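Comments concern the structure below.
Every number here is computed from the coordinates shown, using simple stated rules; none is lab data. Every value quoted in this text rests on a predicted model; they were computed, and no experiment measured them. Cβ coordinates were reconstructed from backbone atoms using ideal geometry, including for glycine residues, and neighbour counts include every protein chain displayed.
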Amino acid sequence: MAKASVGIRKTNQREGVFQVLKDSKGPLTPQEILERTLKITSNVGIATIYRTIKLLAEAKEIVAVTLPDGQSRYELAHLDHHHHFKCRSCLKIYDLDHCPIEIGKNLILPNGFKLDGHEITLFGTCANCQK
């Protein structure tokens, strides 16, 4: 875990959860975190996952991401500005490497509105599902 989480006691389970989130190419649900953590370390259950998510969020190591489906997912807090792609086939969520729009360019806002941020989720079929 990163230096910011110094107050968090290190355990194999917590290290496993952090490693899973670090290696992920998109935000994960608690169930996805559990499934991937079990491949790294045994003796971890969903309650441990939720406790670890809470600790890492309080330490500002991870953040919750809520996509249009309303399900909370988690990713590292210190990622650069990015957006997400959801595959309609496998339902996996992927991080996009770049922002698909430039703030203030080609945006049509109602008169008098001022944009100060945005979140974008694109939908489609991932490369693996197209094979």
Worksheet item: Which of 62, 108, 93 moves the most in a Gaussian network model of the chain with Cα springs under 10 Å?
Response: 108
Response to the item:
The size of the Cβ-based charge dipole (Lys, Arg +1; Asp, Glu -1) of the chain about the Cα centre, to the nearest 20 debye, is 380
Worksheet item: Two-decimal Rg/Rh of the chain from alpha-carbon positions, Kirkwood Rh?
Response: 1.04
Practice prompt. Work out which helices of the chain, taken as complete DSSP H runs, extend at least 15 Å along their axis over the Cα atoms and score a mean Kyte-Doolittle of -0.5 or more, then list them.
Written response: 46-58
Discussion item. If the elastic network links every pair of Cα atoms under 10 Å, which of 88, 73, 14 fluctuates the most in the Gaussian network model of the chain?
Written reply: 88
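Let me have the 222 nm mean residue ellipticity of the chain computed from DSSP H runs of 4+ only, each contributing -39500 (n - 2.57), with the sum over all residues rounded to the nearest 500. Provide the component values of the computation, followed by the final result.
Details: 4 runs with 38 residues, N = 131.
Taken over the chain, the calculation gives -8500 deg cm²/dmol.
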Worksheet item: Along the charge dipole of the chain, which of 72, 112, 12 sits closest to the positive end, that is, farthest toward it, with unit charges on the beta carbon of Lys, Arg, Asp and Glu (+1, +1, -1, -1)?
Response: 12
Worksheet, complete the sentence: Quick calc: nm separation of the 7 Å Cα→Cβ label points for residue 113 and residue 92 -> 3.4
Item to complete: Quote the FRET efficiency, to the nearest 0.05, computed for residue 69 versus residue 40 with a Förster distance R0 of 22 Å and r equal to the Cβ-Cβ distance.
Response: 0.25
Worksheet entry | Antiparallel bridge percentage (DSSP; both residues within the chain; nearest 5) | 70
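Just add up the charged neighbours of residue 84: K/R +1, D/E -1, any other residue whose Cβ is under 15 Å from the Cβ of residue 84.
On the way: positive: 25, 73, 86, 88, 92; negative: 32, 69, 75, 80, 95, 97, 119.
Taking every Cβ under 15 Å from that of residue 84, the sum is -2.
Please work out the FRET efficiency for the pair residue 120 and residue 50, using the Cβ-Cβ distance as r and a Förster radius of 30 Å; give the result to the nearest 0.05.
Details: r = 28 Å, r/R0 = 0.94.
Calculated transfer efficiency: 0.60.
Among 86/131; 60/92; 22/60; 92/131; 22/92; 22/131, which pairs are too far apart, with a Cα-Cα distance over 19 Å?
Correct reply: 60/92; 22/131.
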